[in-house]
1. Along Cα→Cβ, 7 Å out, is where each label goes; now give me the distance between the ones at Glu56 and Ser234 in nm to one decimal.
2. What FRET efficiency comes out for the pair Lys216/Gln150, r = Cβ-Cβ distance, R0 = 35 Å, nearest 0.05?
3. Please arrange Tyr261, Tyr102, Tyr201 by counting, for each residue, the other beta carbons lying within 10 Å of its beta carbon, fewest first.
4. Testing the spin-label approximation: label points 7 Å from Cα along Cα→Cβ at Ala186 and Glu66. State their distance in nm.
5. If the limit is 27 Å between Cα atoms, which of Lys146/Lys229; Lys99/Lys230; Lys146/Lys230; Lys99/Lys207; Lys229/Lys256 go over it?
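Please treat every number below as a calculation from the coordinates, not as lab data. The model shown is predicted, which means the values in this text are computed figures rather than measured ones. Ideal geometry is used to build each Cβ from the backbone, glycine not excepted, and the neighbour counts take in all protein chains shown.
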Amino acid sequence: MAIAESASSTRGSKQELGRHETSVEDDTTEYFGRPIDLVMVSAVIPVYNEQEVIDEFSRRLIESLEHTVPDYEIIFVVEGNDTTEERLESIARRNPRVKVFYNPRRLGLGPATKRGLGLINPRTDFVLTMDADLNHQPEEIGRLLKVSSQADVVVGSRSSEHGLVKELPFFKRVVSGSTNWVLRNAFRIPCSDVTSGFRLYSANTIKVIRERLVSKNFEITAEILIRAKKEGYSITEVPITFTRRPRGKSKLSFIKSGIGYGILLLRLGK
């Protein structure tokens with residue numbers, strides 16, 4: 001599959017905050033003074049061995065994007081050796097907006113995310129990221145789009161004040177809360193959920209920082225937000241519903257993540 005080279009763009013930059021809200025439900029007709037059917041959202045979804053949930057996730061994601069923004073693309077960066085790639089390739093054959101890029105060996109969430117961000121269409125306006133394990137609800141994409149005029153980065157927040165976290169073990173909530181507290185205060189990030197991967201970025205934000213990304217694992221989500229903050233891009237958040245994956249196994253390693261966050265603090269905490 002040919003990979004289109006990304007071109008520099010000023011759409012969605014930190015100076016351009018006058019855009020209209022985006023949901024079709026709001027009967028919005030324009031962004032940036034252009035018809036809504038010309039606006040594009042690129043969803044970048046890294047996937048590792050998610051055969052148990054990928055059919056449901058991809059179906060719900062496509063339905064949500066088609067309902068919310070007619071012009072979109074979905075970039076799946078697939079790793080692993082189960083049937084995930086085969087299932088997604090089948091979907092891509094029926095829907096040309098779905099693109100699948102396969103890595104025969106595991107790169108890790110960080111490099112996979114960076115690769116996907118480098119594959120976005122040059123004319124896209126927004127970049128969406130979210131988990132493919134159904135922790136995040138595709139039907140809530142509209143929540144992020146509705147406030148996209150307010151900031152360059154919109155974070156879907158899982159915090160007790162801003163989101164609903166269902167059925168998560170107490171230990172995971174403590175670890176997540178502690179990590180967020182440290183990162184939020186160390187880098188003065190105006191967001192209660194620094195590690196949430198459910199986000200909407202202006203395309204220009206991604207184009208400016210993507211080549212600088214160096215994280216290997218789950219700390220990539222924090223690195224993107226920290227670099228966006230350091231570049232002066234604005235950040236806001238909206239509540240989301242975060243649920244335990246219904247099927248399959250979590251890929252999160254607390255040891256690797258802890259090491260990764262420690263390295264991130266040393267590398268960017270200057």
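1. Taking the two extended label points, one gets 3.8 nm.
2. Calculated transfer efficiency: 0.65.
3. Tyr102, Tyr261, Tyr201
4. 4.3 nm
5. The pairs that break the limit, which is 27 Å between Cα atoms, are Lys99/Lys230.
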